[in-house]
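Read-outs throughout are calculated quantities, based only on the coordinates presented, and are distinct from any laboratory measurement. What you see is a predicted model, and the numbers here were worked out from it, not measured in a lab. Glycine also receives a Cβ, built like all others from the backbone with ideal geometry; neighbour counts cover every protein chain displayed.
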Amino acid sequence: MKLKKNNIVLSYILGFVTLFLGVIFALALIMKFSIGNKHYLYHLVKDNNYYQTIYDEINDEMQSYLMSTGFTNEILNNLYTKDEVIDDINIFIENTYLGKETKLVKDNIKEKLDSNIKSFLQKSNLGVLNQNDLLLFEDEMVNIYKNEITLYKMANTFIPKYYKLNKYINISLVVSIIGLIMLYIFLRKIKIYSWGVIILGIGMIILFIRMAVYDRIDVDNVLVITENFSQLLRIVLHYISRLLLGEGIILCIFGIYSIFTFSIRRKYHKSIEIR
Amino acid sequence: MIKNVNKKKFASNLAISFFFAAIFVLCYYFLLEDKIMPYVSLINTTAVRGEDIEIIAKYNIEAKRLIDYPSYGSKYATLEIPSINLTLPVYHGDNKKILRLGVGHYTGSYFPGENGSILYAAHNNAGLFHDLDKIKVGDIITIKATYGTFKYQMKEYKIVKETDLSAFPIQHDKELLMMYTCWPIDKGIAGHKKERYVVYAEKIGDEIEKE
């Protein structure tokens, strides 16, 4: 049966739309398995020793702040534990995933600090200017702890965007799956090329996206908010890059193979008809 | 199996696939490239290439401006104050990590030789700006940058509140070196220091490195 000219044009147009939806689906899937996945984020911080890094960084930052105050590191004794840091980071990840701001209440640190300062002042010959200055100092120390956990106030600008991104990823997955199923049912009847055409096209576009965006970013030196957070971001970007590369190559190979078998089948069936 | 392949069909299917991909690539370049590239450029601009690498800054003598600025976090000069026997490295930036290493250069101020205000900060600990209050009017301060040597003479000092930004005027037509640290320095008082000791010095000479 000869296809009508309109159907041929339609098959190309719908083929392109299918390809486009396929690219959306492929990209959304990669995002869903990486930055859109809460468990991936937990594994990321755990496997890269992020808890220990932040625990050390808080200590480091507090010592830096102490440098011009006259206090010694003695006042940092037992201010906070590693388990407390782990719990607070996990709360931050959970809240970020849900699009909520994390507000840590660290009165325990303030009380312990107050007690340490009183012990220190009793032993040393130093005094304090006034009670307000002491409170300022304690607040600053607690802020150091909170800021390292919650990535300073800059995190508040990207948390809503991250939440929106996750929503878009989920919507894209659902819309693309439904669209692909509908287009498959319709295209089956009118397409004049192999499904491999679309699969190969998706593979090539995925590889192109990797080249056009990822290869242009200086990933190994990316700096966003803090160096510790940036290290995690670099790992995520490298991971997404590997997923894009793997997905693109597999789709290309599968697409070429599909086109190859499509071409064989027709010749084979034709030879059967002749007999 | 390979003999049964319809080569024409195989080639035409491949061509259709490349055609689809090419349309997508064109759409990307015409519709999305301009929207995505500013973000990529911004990420690359803020990329930090190591903290202790000394980047050779380039200076334009006629324009009295740096052409290449040192990376944030890199050491680009040495500060010498012979009257208090002080020699310290100067880093571009003034975050807490930098201030533990030496003198921090506030990124919103000019660089030596640019004919504007230069703002340096350091902690008041021994080995840093502990003796800043011992510099006297007339003392010479030398900044040996990778692109030249600049000499300044102390004019005055002030003790100001930490929130008093008027004490750090960013001038665009006069080279003024301002160095500050927390105050009081080691006077038996512990805690958050709410004042700053600021030294002001004016430029008296320079020697630019020729390329």
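Of note:
- Rounded tilt (10° steps) of B:33-45 against the dominant C-alpha axis of chain B: 40
- Ordered by the number of other Cβ atoms lying within 10 Å of each residue's own Cβ, fewest first, A:Arg210, A:Arg188 fall into the sequence A:Arg188, A:Arg210.
- Quarter of Cα convex hull surface for the protein assembly as shown, i.e. mean projection, nm²: 31.6
- Of the GluC sites (Glu not before Pro) in the stretch A:69-161, those whose Cβ has at most 16 other Cβ within 10 Å and which sit in DSSP loop: A:Glu101
- Lysines with Cα under 18 Å of B:Lys9, excluding same-chain neighbours fewer than 8 positions away: A:Lys2, A:Lys191, A:Lys267, A:Lys270
- Measuring between alpha carbons in the structure, the pairs from A:Lys161/B:Lys35; A:Lys46/B:Lys97; A:Lys112/B:Lys158; A:Lys38/B:Lys96; A:Lys32/A:Lys82 lying more than 27 angstrom apart are A:Lys112/B:Lys158; A:Lys38/B:Lys96; A:Lys32/A:Lys82.
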